[in-house]
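> My questions all concern the structure below.
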């Protein structure tokens, strides 16, 4: 297997489950498909002002994700990312399943022999942003509560990302850096993201990749209806470790985790906790 | 979990981490209305918390039958996309629950499901030790705003 193809498998696999970006593209008429399961449980919420609240109910989110890439041309790929099902709920609340936003994009590598690419994605909402869950028991004051646990934010987003990558001649070590913007609609704040990753092959078929990224507000939103519960004003610093084991030339499995830290970008308007994920992929 | 994140990545990436929010039924507006003139004894203005757009006036007073009410003004607004929001009398601006001792610093008034003017009838007069009104997301345990009554 060529160096580039080798790395591409790993980075695509990593991309879909851990938000990284890279400068490589898939060759024409080749494809990649990945399924992954992710789980997240925490009661730590950081407000828009960055204050920690950890006395509320524990929030749970479990999801099954499908991701695919197809090479239209050697330097142009189409990418599809679908959270097929996501189940969000709080302790002692009914489950509230839903489908996440569908992300459809194109990735173009500028130069044939240099991994520098632009990716443009449209994130398509799958509902109106409302997905209520009801408590199973009344609270300490005797009230049954409901809470909106949306799996879609109900609005279109448009992502633009530039990524550049490099790999050693052996392909055992590779790195990428990227920056991009998320252009939101309906008056939500636009966001900027930047990140990097470093991958290393430890043994013949075992790879480990470390990633780090930050998100900040790029342009503040203007709509009074932009709810904090749809990611309005969310900022964070996030790291990720992913292990990939290639079973053969076509199939791979992966497992990893991701978590938030407070620097350099503060945790604002997010639930803070570890996400664990496992997945499998196939490519031809 | 966002944004926007898988929820951020997974959601968050967008997915998982689209934050939940607090019900749009059983409005507090079902509460009885004051009879005759409403005499205000204490009043205040909401200070927004948690990045919410909470604002507006709140009054504590009684009607001509000496029945006490909390009155949220026509300018009352908050983030209604979240779900059930609890309204509480409190001995301070900080929500301090102590269920083991009967929550001495809190008095539940009901749930808020809409913006604008509304009355909440009280069973009896409230001690002056309860100095604030707090708007609170019961599920997530996050303050939406508070108003000092003076």
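Just so you know, all these numbers are worked out from the coordinates, no wet-lab data involved. Please read these numbers as outputs of a predicted model, since none were measured by experiment. For neighbour counting, all protein chains shown are included, and Cβ atoms are generated from backbone atoms with ideal geometry for every residue, glycine included.
> Once a ≥ b ≥ c are taken as the square roots of the eigenvalues of the Cα gyration tensor of segment A:115-155, is the result rounded (a/c under 1.5), prolate (a/b larger than b/c) or oblate (a/b not larger than b/c)?
prolate
> What Kirkwood radius, in Å to one decimal, follows from the Cα pairs of segment A:94-228? Display every interim value, and only then the final one.
Numbers: mean 1/r = 0.0550 Å⁻¹.
Radius from the Kirkwood sum: 18.2 Å.
> Over segment A:165-205, what per residue volume does the convex hull of the Cα atoms give, in whole Å³?
Values: hull volume 3.3 nm³, N = 41.
It comes to 81 Å³ per residue, whole-number rounded.
> If you take all C-alpha pairs in segment A:84-130, what percent of them are over 13 Å apart?
Details: 749 of 1081 pairs.
Across segment A:84-130, Cα pairs with separations above 13 Å total 69 percent.
> What is the percent of Cα-Cα separations in segment B:56-97 that go past 17 Å?
Working: 435 of 861 pairs.
That tail contains 51 percent of the Cα-Cα pairs.
> A further question follows. Mind jotting down a quarter of the surface of the convex hull over the alpha carbons of segment A:201-284, in square nanometres, one decimal?
Numbers: hull surface 30.9 nm².
For the Cα atoms of segment A:201-284, the hull's average projected area reads 7.7 nm².
> Once all Cα-Cα distances of segment B:33-150 are split into 10 Å bins that start at 0, what whole-number percent is in each one?
Calculated P(r), rounded to whole percents: 15, 49, 31, 5, 0.
> On to the next question. When N is the residue count of chain A, what does its C-alpha Rg come to as a fraction of 2.2 N^0.38 Å?
1.02
> Subtract the Cα-Cα distance of residue A:276 and residue A:173 from 0.36 nm times their separation in residues, and report this length gain in nm to one decimal.
Details: separation 103, 0.36 × 103 = 37.08 nm, distance 2.42 nm.
Difference between extended and current length: 34.7 nm.
> For chain A, what does -39500 (n - 2.57) per DSSP helix run (n ≥ 4), summed and divided by total residues, give at 222 nm, in deg cm²/dmol to the nearest 500? Intermediate results must be reported in sequence, preceding the final value.
Working: 1 runs with 16 residues, N = 284.
Taken over chain A, the calculation gives -2000 deg cm²/dmol.
> Sorting check: for A:65-71, A:102-108, which peptide has the highest mean count of neighbouring beta carbons within 10 Å, and how do the rest follow? Mind showing how you got there, number by number?
Details: A:65-71: 20.3, A:102-108: 17.9.
So the order, starting with the most tightly packed, is A:65-71, A:102-108.
> Follow-up. Does segment A:15-107 come out rounded, prolate or oblate by the C-alpha gyration tensor, with a ≥ b ≥ c the root eigenvalues, rounded set by a/c under 1.5 and, if not, prolate when a/b is larger than b/c and oblate if not?
Cα axes put segment A:15-107 in the prolate bin.
> Moving to a separate point now. So if R0 is 22 Å, what FRET efficiency would residue B:93 and residue B:38 give, r being the distance between their Cβ atoms, rounded to the nearest 0.05?
According to the calculation, E is roughly 0.30.
> What does the convex hull of the Cα atoms come to per residue for segment A:40-86, in Å³?
Value for segment A:40-86: 110 Å³ per residue.
> If I model a spin label as a point 7 Å beyond the Cα along the Cα-Cβ vector, how far apart are those points for residue A:76 and residue B:31 in nm?
Calculated label separation equals 6.2 nm.
> Using a 10 Å cut-off on Cβ to Cβ distances, tally the other chain neighbours for every residue of B:134-145 and report the average as a whole number.
That works out to 5 on average.
> I'd like the mean, over residues of A:271-279, of how many other protein chain beta carbons sit within 10 Å of each residue's own Cβ. Mind dumping the intermediate values first?
Details: counts 12, 2, 3, 0, 13, 1, 3, 0, 0.
Counting other chains' Cβ atoms within 10 Å and averaging over A:271-279 gives 4.
> Note the per residue figure in Å³ for the convex hull of the C-alpha positions in segment A:13-168.
137 Å³
> If R₀ is 30 angstrom, what is the calculated FRET efficiency for the pair residue A:114 and residue A:250, using the beta carbon separation as r and rounding to 0.05?
Efficiency at R0 = 30 Å is approximately 0.65.
> How far, in degrees from 0 to 90, does helix A:3-18 lean away from the longest principal axis of the Cα atoms of chain A, to the nearest 10?
Roughly 0 degrees, rounded to the nearest 10.
> What are the extents of the Cα atoms of segment A:152-222 along their three principal axes, listed from largest to smallest and rounded to whole Å?
Projected onto the principal axes, the Cα atoms of segment A:152-222 cover 51, 22, 15 Å.
> Label 7 Å along Cα→Cβ of residue A:102; segment A:123-150 residues with amide nitrogen under 16 Å?
A:123-129
> Taking a label point 7 Å from the Cα of residue A:219 along the Cα→Cβ vector, which residues of segment A:170-189 have an amide N closer than 20 Å to it?
A:179-189
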